[in-house]
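S.K.: One structure follows; several queries about it will come next.
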Amino acid sequence: MTTAQTHDQTAQPTVLDPPTTQRPLWERRFALYFTARTISLVGDAMMPVAAALAVGALYGISGAGLVLGTWTGTFVLLVLFGGVFADRFGARRMMVLADLARVLTQGVLAAAFFAGPPPFWLLITMAALAGAAVAMFLPGVNGMVPLVAREPQRANATLKVADALAHLIGPALAGLLITATSAGTVYAIDAGTFLLSALCLALIRLAPADASADTSVGIGSSPRTGSSLRRELRQGWQEFRSRTWMWAVILIWMGYGVLLFGPLVPLSSALVGDRLGPNSYGLAVSFLGAGTVLGGLLALRLRPARPLAAGAVAMVLYAVLPLCVALGSDLPLLLAGHALGGGALAFWSVMWATSVQTHTPPAVLNRVSAYELAGSVSGIALGQILAGPATALASPERLLLVSAGACLAGCAALFAIPAIRTLRRAAPSEIDGPGAPDGQ
C-alpha cells in the first residue's frame, strides 16, 4: 500500500508560520468549541482533588481510590463504544449528551453532600456513570477539531494551552472551595461547567459537508444502513492497525504508561513531599503546568515537516523530570525539570493529535481515537496500580531512574520505526479537502 510517509521523500525544514499568512483561527465555531473544552477541562481538573479530599475524608484512602478506580475502569471498558457512537450519531451530539449526563451525576452528588455524608454506593454509582459519560465524550474531541478549525495544529496547540491552564486552576480552586465551603459546592460548580460546555457545543453550526462527515459511520455507510456495532468496531480496529505509525506509538505509550506516566505521580509526590514538604510538590506541579503552557505556545509557531520525529526529539527532554526527582535535586532544579517535562509533553501531544486528525479519514476518526485512548489510559492505570507493590522490590528513587531510562528507550524506539520517523505533515490542501490523507 502507498503510505503517507513515502510521499515526497525530500526533506523539508521546520518553518515558522508568518503571521500574515495564517488563516483566521478564532472563527465562531472554534471560539464556541474552545470555550466548551476550556470550561469542561476546568471541571475535569477539579474532580480528582474533590474525590481525594471529600471522599477520602469520609471513607479513607481506599474509598477514594475505589471511587477513582471505578471512574477509570468504566471509561476504559466503554471508550471503544464511544468511538462507534460518535461516528454513527455525530461527535458533537455525543459530546452534548455526555456533558448533560455529567450535569446529572455531579448535581446528584452536590445535593447528596449538601444533605449530609453520601452513602458509598451512591459515590460508586455516580463515578461509574460519570466514567461512562467521559467514554462517550472523549472520542469525539479529536474528530471535532478538523470540523471547527481550518488549521488543526494551531487549534490543538491553543487547546493544549487551555488544558494546561485548566489543570493549574482546577485543582487549586477545588481545594480552596472545599476548605472555605463544602464538597457540595465543588460538585455543584462542576455540574455548572458541564452545563455551559453542553450549551456551547449545541450552539456550534457545522457547514453541510462537515455535518455530513460528523454523522458518517464509515466509508459507504451511514446511521441508516443498519451497520452492526461489531462491524463498526472491527472497521475502527482495521483502520487503527493499518497505520503502522499509529499502533506503534500506542504500544510505546502503553509501555510509558506502565513504567513512566503511571508510577510518576505517586512516587514523585512521596519523595518530594518527604524531602521538601508537600508545598514544594504542589509548586513543582504548578511548574509542570507552566511548562505545558510554554510547550503549547511553541507548538503554535513551529510546523515541522515530520511532526512525530520532532515530537520524539522533544520527549527526550521529558526524561529530565523523573531524573531530577530520583537524584534528589534541590528545589530550583526540581522546578526547572518539571517545567521542561511539561513543555516536552505538550509539544509531543500537539504533534500527535494533529497527525491523527489529518492522516485519518473523518468517517472513522472517532473510532480510531477511541482505540488510541483505550491503549494509552490502560497503560497508565496499570502503572498506577503497580507503583505501590513495586516499592517492595526497589526504592522509589531506583524506580524513577527506571522511568527515566524507559523514557529515553521509548524515544529511541520512536526514531527506530521508519513509519513514525518519516510521517510527514499533511499539506493544508489535504487538511481542508473532503477527506484526510490515509497514511499507514
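The values are calculated or read from the model by the stated rules, or taken from the named source; none is laboratory data. Predicted model only: the values in this text are computed from it and were never measured. Heads up, the Cβs are rebuilt from the backbone with ideal geometry, glycines too, and the neighbour counts pull from every protein chain shown.
S.K.: Does any residue in the range 341-353 that is outside the structural domain of GLY295 (by TED's automatic domain parsing) come within less than 7 Å, Cβ to Cβ, of a residue that is in a helix (DSSP H, G or I) and not basic (Lys, Arg) six or more places away or on a different chain, and which pairs are these?
M.R.: Matching pairs, first to second residue: none at all.
S.K.: Continuing with the same structure: Just checking, how many residues over the range 162-193 are surrounded by fewer than 19 Cβ atoms within 10 Å (Cβ to Cβ), within 24 Å of PHE287 (Cα to Cα) and not aliphatic (A, V, I, L, M)?
M.R.: 2
S.K.: With a cut-off of at least 1 residues that are more than 24 Å from THR72 (Cα to Cα) and either out of contact with any Pro (no Cβ under 8 Å at 6 or more places or on another chain) or not assigned by TED's automatic domain parsing to the domain that holds LEU271 (or both), name the helices (runs of 4 or more DSSP H) lying wholly within the range 357-428.
M.R.: 396-416, 418-421
S.K.: Scan the range 119-152 residue by residue and report those that are part of a loop (DSSP other than H, G, I, E, B), closer than 22 Å to THR72 by Cβ and touching a residue at least 12 places away in the same chain (Cβ under 8 Å).
M.R.: Of everything in the range 119-152, just one residue is part of a loop (DSSP other than H, G, I, E, B), closer than 22 Å to THR72 by Cβ and touching a residue at least 12 places away in the same chain (Cβ under 8 Å), namely LEU138.
S.K.: Suppose the filter is modelled with pLDDT of 90 or more and either over 27 Å from ARG234 (Cα atoms) or among the basic types (Lys, Arg) (or both); does LEU321 pass it?
M.R.: yes
S.K.: Being at pLDDT 75 or above and either under 26 Å from LEU147 (Cα atoms) or assigned to a helix (DSSP H, G or I) (or both) is true for just one of LEU53, LEU68, LEU25, LEU41. Which residue is that?
M.R.: Sole residue among the options that is at pLDDT 75 or above and either under 26 Å from LEU147 (Cα atoms) or assigned to a helix (DSSP H, G or I) (or both): LEU41.
S.K.: Looking at the range 82-105, which of its residues are within 19 Å of LEU233 (Cα to Cα) and surrounded by fewer than 21 Cβ atoms within 10 Å (Cβ to Cβ)?
M.R.: Selection gives PHE89 alone.
S.K.: Taking the options LEU109, LEU78, name whichever one is within 24 Å of LEU233 (Cβ to Cβ) and touching a residue at least 12 places away in the same chain (Cβ under 8 Å).
M.R.: Matching residue, one of LEU109, LEU78: LEU78.
S.K.: Still on this structure, I have one more. ALA111 - would you say it is in a helix (DSSP H, G or I) and closer than 21 Å to GLY170 by Cβ?
M.R.: No, not satisfied.
S.K.: So which residues in the range 354-406 are of a type in the set (D, E, K, R) and surrounded by fewer than 17 Cβ atoms within 10 Å (Cβ to Cβ), if there are any at all?
M.R.: Correct list: GLU397, ARG398.
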